[in-house]
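Report on the following structure.
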Amino acid sequence: MRRQDLEKFYRIPPDGQPRPREGMLLLAKPFMRDFVFRHSVVLIVSVSEKDVLGIRLDLPPLAEQSLSHIIPEFKNVLDFDIGNGGPVGRDTLFFLHTYPDVKNSSPVLPGLWVNGDFEQMKQIVLQDPEREKHIRFFLGYAGWTPRQLQDEIERGQSWILGAANAERDVFAKEKNMWASVMAQMGRKYEVCSRFPTIPIMN
């Protein structure tokens, strides 16, 4: 069956998707042609009149970066991976966490926040023996203007909007997160979750 026939049959994404907002997932369509974002899972963390910011959750940690180089207080104390948050602002550190008392943090999902007072966060993390269950660090992000992202969604060529779950999507660190999330969205999506990243490998 041709790819065009599969796209038509599965009707992915469906018509009438909601507008992007904080706490939603952007799931790459199975047939996305953009190699940078193919089979990607992006958590939207900020939506404003100027931009939409998201953090990729599906990529392996950055091998060339060490958190102790960025946060000297963590040297010889913590051995955290740094996630690859996206292709933009690779010198910008983000942290997703479940600490409600971190000042100036922004809510993403119930029980999940992004960023906040950096000095306070460091002290909380150093004192929490179960910190790896409650915080993840990322360098970089994915970004669009609101109109740009809406156009990509409405054209139906790039993104499916889905509901995010902090425990499953942020802290579970699935090996193939895209396939896992797609498979939980219903039968049509579950079938598409088996499609290879490179179609000719099917």
Q.
What does the C-alpha gyration tensor say about the overall shape of segment 143-190? Classify as rounded when a/c is under 1.5, otherwise prolate if a/b is larger than b/c, or oblate.
A. oblate
Q | Under 5 Å, built H, 5+ apart or other chain: amide partners of V108 | A | W113, V114
Q.
Can you tell me which lysines have their Cα less than 26 Å from the Cα of K188? Leave out same-chain residues fewer than eight positions away.
A. K8, K29, K173, K175
**Q.** Three-way shape label, segment 43-130, alpha-carbon gyration tensor, a/c 1.5
**A.** oblate
Q | Potential extension, D151-V36 segment - 0.36 nm per residue separation minus Cα distance | A | 39.6 nm
Q | Ranked by how many other beta carbons lie within 10 Å on average, peptides 123-131, 146-154 from highest | A | 146-154, 123-131
Q: Calculate what fraction, in whole %, of the accessible area of segment 52-109 sits on carbon and sulfur atoms when a 1.4 Å probe is rolled over the protein chains.
A: 49 percent
**Q.** Where segment 133-172 is the region considered: accessible area per residue in Å², 1.4 Å probe
**A.** 42 Å²
**Q.** Extension gain from E119 to R19, taking 0.36 nm per residue of separation minus the Cα-Cα distance
**A.** 32.6 nm
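Let me check I have the definition right: for segment 104-190, take the eigenvalues of the Cα gyration tensor, multiply each by 5, take square roots. What are those semi-axes in whole Å, largest first?
Details: eigenvalues 173, 71, 21 Å².
Values for segment 104-190, descending: 29, 19, 10 Å.
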Q: Return the long-range amide H neighbours of G86 (sequence gap of 5 or more, or a different chain), with a cut-off of under 5 Å between placed amide H atoms.
A: R56, Y141
Q: Show the residues, 5+ positions off or on another chain, whose built amide H is closer than 5 Å to the amide H of S46.
A: L53
Q. Rounded to the nearest 0.05, what FRET efficiency do H134 and R90 have when you use their Cβ-Cβ distance and R0 = 22 Å?
A. 0.35
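The values are calculated or read from the model by the stated rules, or taken from the named source; none is laboratory data. The model shown is predicted, which means the values in this text are computed figures rather than measured ones. So basically every Cβ, Gly included, is an ideal-geometry build from the backbone, and we count neighbours across all protein chains shown. We work out accessible area using only protein heavy atoms, side chains counted, and drop any ligands, DNA or RNA first. Shrake-Rupley method; radii C 1.70, N 1.55, O 1.52, S 1.80 Å.
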